[in-house]
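Step one of this worksheet: look at the structure below.
None of the figures in this text is laboratory data; all of them are computed from the coordinates on show. Owing to the predicted nature of the structure, the values given are computational and were not obtained by experimental measurement. Please note: Cβ atoms are built from the backbone with ideal geometry, for glycine as well, and neighbour counts cover all protein chains shown.
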Amino acid sequence: MFRGSSFHNIDGKGRIIIPARFREAIKSDGADGVVVSRMDNCLVAFTHEEWNKLESKILALAATSTYMRRFRRFFVGGAFECNCDKQDRILIPPTLRQYAGLDKEIALVGVVDHFEIWSRENWESEDISLEKDLQIEEVRNEIAKLGI
């Protein structure tokens with residue numbers, strides 16, 4: 001499980017250090033890396049086990065929906081396996097770095113079954129946007145369904 005958020009730097013070669021709390025979740029399924037794709041102006045990183053579950057769902061839905069076939073091309077076609085090196089870093093391919101605007105400062109955000117990799121600037125904008133959304137009654141009602 002991926003929880004919490006933290007700020008880090010991406011080096012000039014495009015490598016990021018995976019925090020210990022995330023490495024434990026990654027290695028729990030016997031793998032030494034993640035599958036990274038793109039969504040919502042950030043990158044999403046899944047363990048191989050979670051990625052396989054997601055691919056199965058996408059494949060089943062793509063057979064019945066033009067939108068899902070198009071999404072499959074974008075999401076699965078843009079995915080890369082990123083293995084940890086000896087320093088527990090993963091290399092983010094240039095196309096993904098460009099998509100998410102990853103330059104120097106980044107935020108890693110745990111989202112239970114995966115984690116997200118944001119440029120710090122985009123993450124701070126997202127955070128501000130959510131704070132504004134929390135003022136909308138409809139949004140508060142959706143969240144209240146969680147019992148919060």
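The rows are residues; the columns are (1) surrounded by 12 or more Cβ atoms within 10 Å (Cβ to Cβ); (2) part of a loop (DSSP other than H, G, I, E, B).
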{"position": "Leu96", "(1), (2)": "yes, no"}
{"position": "Ile106", "(1), (2)": "yes, no"}
{"position": "Glu124", "(1), (2)": "yes, no"}
{"position": "Glu131", "(1), (2)": "no, no"}
{"position": "Gly147", "(1), (2)": "no, yes"}
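Look at segment 61-89: where a residue is under 21 Å from Asp32 (Cα atoms) and a partner is among the acidic types (Asp, Glu) and outside any helix (DSSP H, G or I), sitting 6+ places away or on another chain with Cβ atoms under 7 Å, you get Asn83/Asp32; Cys84/Asp32. How do the pairs read when you match residues in segment 2-19 that are of a type in the set (Gly, Ala, Ser) with residues anywhere that are in a loop (DSSP other than H, G, I, E, B), using Cβ under 7 Å and keeping only pairs 6 or more apart or on different chains? If the second residue must be in a loop (DSSP other than H, G, I, E, B), the pairs left are Ser6/Pro19; Gly14/Ile92.
Restricted to segment 105-148, and to residues there that are free of Cβ contacts under 8 Å to residues at least 12 places away in the same chain and touching a helix residue (DSSP H, G or I) at 6+ places or on another chain (Cβ under 6 Å), the residue that is nearest to Gly14 (Cα to Cα) is Asp133. Note on segment 90-104: among residues that are out of contact with any strand residue (DSSP E or B) (no Cβ under 7 Å at 6 or more places or on another chain) and touching a residue at least 40 places away in the same chain (Cβ under 8 Å), the one that is nearest to Ala20 (Cα to Cα) is Arg97. The condition of being among the aliphatic types (A, V, I, L, M) and more than 20 Å from Ala31 (Cα to Cα) does not hold for Ala45.
Restricting segment 67-92 to residues that are in a loop (DSSP other than H, G, I, E, B) and under 14 Å from the mean Cα position of the chain (by Cα), the residue that is farthest from Leu54 (Cα to Cα) is Ile92. Residues in segment 1-53 that are of a type in the set (S, T, N, Q), within 17 Å of Phe80 (Cβ to Cβ) and not in a helix (DSSP H, G or I): 2 in all.
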